[in-house]
1. Within region 99-117, identify whether any single residue is basic (Lys, Arg) and not in a helix (DSSP H, G or I), and answer yes or no.
2. Report, ordered by the first and then the second residue, all pairs with beta carbons closer than 8 Å, sequence separation of six or more or different chains, a first member in region 51-80 that is without any contact (Cβ under 8 Å) to a residue 60 or more places away in the chain, and a second member that is near the ligand (Cβ under 7 Å from one of its atoms) and small (Gly, Ala, Ser).
3. For a quick check of your reading of the model, give me the residue pairs whose first member lies in region 94-121 and is of a type in the set (A, V, I, L, M, F, W, C) and within 13 Å of the ligand (Cβ to nearest atom), whose second is outside any helix (DSSP H, G or I) and modelled with pLDDT under 95, with beta-carbon atoms closer than 6 Å and at least 6 apart or on different chains.
4. Given the conditions (1) near the ligand (Cβ under 8 Å from one of its atoms); (2) under 13 Å from the mean Cα position of the chain (by Cα), which single one is not true for residue 27?
5. Of all residues in region 45-87 being more than 8 Å from the ligand (Cβ to nearest atom) and β-branched (Val, Ile, Thr), which is farthest from residue 109 (Cα to Cα)?
Amino acid sequence: MAPILGLSVGLVLIVALAACGGGASSDDDVVEVGSTVYQRDCMICHGEARTGEGGLANAPVHGPEGHTWHHPDGQLKELILGVLDYPQKTMPSFVGKLTDSEVDAVLEYIKTGWDPPQLEYQAEVSRRELELSGGEESR
Ligand code: HEC
């Protein structure tokens, strides 16, 4: 009796994990949150996430034509929060305005505008960034 119960619990777990990996509802929820944040706080300058349409001339396009996808996750989150400093910075700071998970979500939303080779490249530079930081995710 007990082994059969164990087996079915195992199967349920496998099915649940497979659902997570397959871009199921929880991922969609994150992208949904990201889309709301993007439209509220970013679109006015950056325009449409993939094309930059409707944005300001000086705000970079996040889509395949831009170079946002050259940056690793940790750096992008710092850029989005505005904690990175660089000359002639005009991007506003979102410290205290966006939560950590909103920053993650808006980044996931931006990534939906990238093509597979860019996603692959950016995943690789993000892995390297993690390795360099000693395995801790930098934020
Ligand atoms: C007031 C206009 C403005 C708003 C609002 C704004 N940005 Fe920016 N952003 C810029 C500008 C301009 C730059 C170019 C760097 C600079 O001038 O600071 C930039 C740079 C960036 C970069 C680096 C891009 C790259 O390709 O290297 C990212 C990522 C970014 N913004 C994301 C966001 C996100 C996400 C939001 C919303 C939460 C947002 N920005 C809101 C104007 C804005």
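The values are calculated or read from the model by the stated rules, or taken from the named source; none is laboratory data. These figures come from a predicted structure and were not determined experimentally. Neighbour counts are summed over all protein chains in view; Cβ atoms, including those assigned to glycine, are modelled from backbone coordinates with ideal geometry.
1. The answer is no, given that none of the residues of region 99-117 is basic (Lys, Arg) and not in a helix (DSSP H, G or I).
2. 52/59; 52/66; 60/66
3. Cβ pairs passing all conditions: 94/82.
4. (1)
5. Ranking the candidates gives 83 first.
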